[in-house]
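Trainee: Once you've had a glance at the structure underneath, I'll fire off some questions.
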Amino acid sequence: MLANLNKRRWHVVMLMLLTLAMILPGLASIPVVDRDEARYAQASVQMAESGDLLNIRFQDEARNKKPAGVYWAQTTMIKIFIPDGGEYRIWAQRLPSVLGALLTILALYWGGLRMVGRDAALIASALLATSFIFVFEAHIAKTDALLCASTTVIFSALARLRNDGGQREVWAFWIALGVSIMIKGPIGLLLVGLSLASLWIWDRSLTWARPLLNWKAIIVFILIWLPWAVTIYIVTDGVFFIESLGQDLGGKIVSGQESHGAPPGTHSLAIWATLWPASLFLLPGLVYAVKAVRSGGDNAVIRAMRFSLAWSVPFWIVIEIMPTKLPHYGLPVFPALCIMMATSIMALKHISGFSVSRFLSGIIFLVITTIVLGGILYAQSLYGEMDSMWVSYAICAVAGLAAIIAAFSLWAGKVKACLGATLLTSLIFIGGTFGYILPNIDAFNISENVAQELTQFAPAVAATRIHSPHFTEPSLVYHVGTEIDVTGHTPDLFKDALVILDLERESTETDIQILTASVTARGLCIETSNSIKGFNYSKGQKVDLIILRKALCADLT
């Protein structure tokens, strides 16, 4: 008993170290990501500056999309780690996502212990901790890592409750469900409802869930979100819920919102990359789970597979049907997929089955690995410094070799070698990409470069007098200041002390001529900054920005 406890503690330590090893590289050095992270981060900055914890705003615009939970978490980090008047550092606002990632992995291990045993729980947690989209979301200051944490606690609490759990699981379920509402509204409720309904149809009974009818825990669940919901309804006269549920969530359900529309099946194709490199085990995991539940038995593993399928498949169907699709939408069910994959790995240690699915998984894995590695090298060659290319080649070469070993080991049935090579692939490539390659692609860091040029070109000019009609990404607001004008209106040097224009635009030359004529008529001249070149990945466009300001002609001679 004591030995088992010590082993579990050692597993927890290993999982925490693995998760941190995947997340910490690049946390402070990767530029603010446009557009969602920049919007969340800037809204949290304004919340911290104003002290208004109810109204969520991006500049003057009300941001009535998600509840206040993530903004409160980021504002707390700002207050703790950023001194008053100090320069904002994005790593502080990313800390809630880091904590969410750690909680996700520990919660999955906690649930997996009761579902599939200690070793499979460890493998499932390690696979999730090293998957691409999980690591990415843990690196950025938005809702999805925290949502995944809350839904994984819910998933694990229900799984343990289904396997003779007690009041601890009941309280964990209701508290996590309440937190999920404060993070991303009804998504957690939808996931739970679909899962429990599927299990009820499948098993014809939910008697194991009766302990959830704990009125004290339910009251705490309600108190987590109801006071905020009532207050925000009163303060905004109901507008928050009209825009959040009606326009934001409803818009995503009925149409492809913000140019993110895609046909059904997109998530099922994308998962090979979003779950990479753990996706190597996806087909064997699904085949094993389906065969297990079709066997007709009712042991612990079969019950775990049934629960994992009920957790993942209905929600997956919903996000496939939705016209709006983003890669992270499937993240809340990735823990269930990892449980299935880990259980198949444990089975493959004792039997040499699933030959077709292992072969197909290996082929798909090598194709995706080639695309992923090739894509980052292509981006580095186009937009990075050539002097550092050799490091990128070295990272991709070692990761590629590990991936080849993983695929061939899976084909040969050498599961331990396959698992070790898969985790090594992730540690080398994802750690190297986030820790070294992406931070050193300076062309992606346009907004921070503009902010640095501004401090040299016009250090005394306040952000209230800066106008950027061409480059309007939210990250520019975060780096330069809340009051910068990024509305796209025609600039006027007599209204705005500084104007930021993009030389890549055909209209820019005409704008400069108009501004020059206007300034010259008043006996002034225009001074221009150094050029700031980069690549706006949000639009897929090159930019070549210059900063203009009016000045006395005598000062320029």
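The values are calculated or read from the model by the stated rules, or taken from the named source; none is laboratory data. This is a predicted model, so every value here is computed, not measured. Neighbour counts are summed over all protein chains in view; Cβ atoms, including those assigned to glycine, are modelled from backbone coordinates with ideal geometry.
Trainee: Counting just the residues of segment 274-300 that are part of a helix (DSSP H, G or I) and farther than 25 Å from LYS414 by Cβ, which one comes out modelled with the lowest pLDDT? Outline the logic, then answer.
Mentor: Within segment 274-300, the first condition is being part of a helix (DSSP H, G or I), and the residues that meet it are 274, 278-294, 300.
If we keep only those that are farther than 25 Å from LYS414 by Cβ as well, we get 274, 293-294, 300.
Values: THR274: 96, VAL293: 91, ARG294: 89, ALA300: 86.
Selected residue: ALA300.
Trainee: Another question about this same structure. Please state which of the following conditions ALA406 fails to meet, knowing it meets all the rest: (1) at pLDDT 95 or above; (2) among the aliphatic types (A, V, I, L, M); (3) surrounded by fewer than 18 Cβ atoms within 10 Å (Cβ to Cβ).
Mentor: (3)
Trainee: Would you tally the residues in segment 530-557 being under 19 Å from GLN456 (Cα atoms) and assigned to a helix (DSSP H, G or I)?
Mentor: 2
Trainee: What helices (runs of 4 or more DSSP H) completely inside segment 431-521 contain at least 2 residues that are outside the structural domain of GLY384 (by TED's automatic domain parsing), of a type outside the set (Lys, Arg) and under 30 Å from SER388 (Cα atoms)? Give the derivation first.
Mentor: On the way: elements: 446-457, 474-480, 508-520.
Hits in segment 431-521: 446-457, 474-480.
Trainee: Would you mind stating whether ALA209 is surrounded by fewer than 20 Cβ atoms within 10 Å (Cβ to Cβ), within 25 Å of ALA124 (Cα to Cα) and in contact (Cβ under 8 Å) with a residue 24 or more places away in the chain? Give the derivation first.
Mentor: Working: surrounded by fewer than 20 Cβ atoms within 10 Å (Cβ to Cβ): yes; within 25 Å of ALA124 (Cα to Cα): yes; in contact (Cβ under 8 Å) with a residue 24 or more places away in the chain: yes.
So ALA209 fits the description; yes.
Trainee: I want to confirm something. Restricting to segment 368-396 and keeping residues that are touching a residue at least 60 places away in the same chain (Cβ under 8 Å) and β-branched (Val, Ile, Thr), which single residue is surrounded by the fewest Cβ atoms within 10 Å (Cβ to Cβ)?
Mentor: Taking the candidates together, the pick is ILE371.
Trainee: Taking the conditions exactly as written (among the polar types (S, T, N, Q) and at pLDDT 90 or above), does SER352 satisfy them or not? Full working, then the answer.
Mentor: Details: among the polar types (S, T, N, Q): yes; at pLDDT 90 or above: no.
So SER352 fails the test.
Trainee: Another question, then. Kindly establish whether ILE218 is more than 24 Å from the chain's Cα centre (by Cα), assigned by TED's automatic domain parsing to the domain that holds GLY165 and either at pLDDT below 95 or charged (D, E, K, R) (or both).
Mentor: Numbers: more than 24 Å from the chain's Cα centre (by Cα): yes; assigned by TED's automatic domain parsing to the domain that holds GLY165: yes; either at pLDDT below 95 or charged (D, E, K, R) (or both): no.
It is false that ILE218 is more than 24 Å from the chain's Cα centre (by Cα), assigned by TED's automatic domain parsing to the domain that holds GLY165 and either at pLDDT below 95 or charged (D, E, K, R) (or both).
Trainee: Follow-up question, since we're still on this one. Which of the following residues is buried (at least 21 other Cβ atoms within 10 Å of the Cβ) and either of a type outside the set (Ser, Thr, Tyr) or at pLDDT 95 or above (or both): LEU122, LEU106, LEU99? Give the steps one after another, and end with the answer.
Mentor: Numbers: LEU106 fails: buried (at least 21 other Cβ atoms within 10 Å of the Cβ); LEU99 fails: buried (at least 21 other Cβ atoms within 10 Å of the Cβ).
Matching residue, one of LEU122, LEU106, LEU99: LEU122.
Trainee: Let me ask another. State whether the residues of segment 368-388 include one that is closer than 27 Å to THR152 by Cβ and either of a type in the set (Gly, Ala, Ser) or modelled with pLDDT under 95 (or both).
Mentor: To start, the set of residues in segment 368-388 that are closer than 27 Å to THR152 by Cβ comprises 368-369, 372.
Cutting the leftovers down to either of a type in the set (Gly, Ala, Ser) or modelled with pLDDT under 95 (or both) gives us none.
Scanning segment 368-388, I find no residue that is closer than 27 Å to THR152 by Cβ and either of a type in the set (Gly, Ala, Ser) or modelled with pLDDT under 95 (or both), so the answer is no.
Trainee: Considering segment 27-51 alone, what residues qualify as being part of a loop (DSSP other than H, G, I, E, B), crowded, with 21+ Cβ neighbours inside 10 Å and among the polar types (S, T, N, Q)?
Mentor: None; the set is empty.
Trainee: A further question follows. Just wondering, is there one or more residues in segment 301-308 that are modelled with pLDDT of 90 or more, within 23 Å of PRO277 (Cβ to Cβ) and outside the structural domain of THR151 (by TED's automatic domain parsing)?
Mentor: Within segment 301-308, one or more residues are modelled with pLDDT of 90 or more, within 23 Å of PRO277 (Cβ to Cβ) and outside the structural domain of THR151 (by TED's automatic domain parsing).
Trainee: Those residues that are out of contact with any His (no Cβ under 7 Å at 6 or more places or on another chain) and buried (at least 20 other Cβ atoms within 10 Å of the Cβ), I need them from segment 6-26; list them, please. Quick ask: steps written out before the conclusion?
Mentor: Here is the first cut: in segment 6-26, the residues out of contact with any His (no Cβ under 7 Å at 6 or more places or on another chain) are 6-22, 24-25.
If the condition is that a residue be out of contact with any His (no Cβ under 7 Å at 6 or more places or on another chain) and buried (at least 20 other Cβ atoms within 10 Å of the Cβ), then LEU15, THR19, MET22, PRO25 are the ones that fit.
Trainee: Still on this structure: Being surrounded by fewer than 17 Cβ atoms within 10 Å (Cβ to Cβ) and not aliphatic (A, V, I, L, M) is the requirement here; does SER344 meet it? I'd like the intermediate steps shown before the answer.
Mentor: Values: surrounded by fewer than 17 Cβ atoms within 10 Å (Cβ to Cβ): no; not aliphatic (A, V, I, L, M): yes.
It is false that SER344 is surrounded by fewer than 17 Cβ atoms within 10 Å (Cβ to Cβ) and not aliphatic (A, V, I, L, M).
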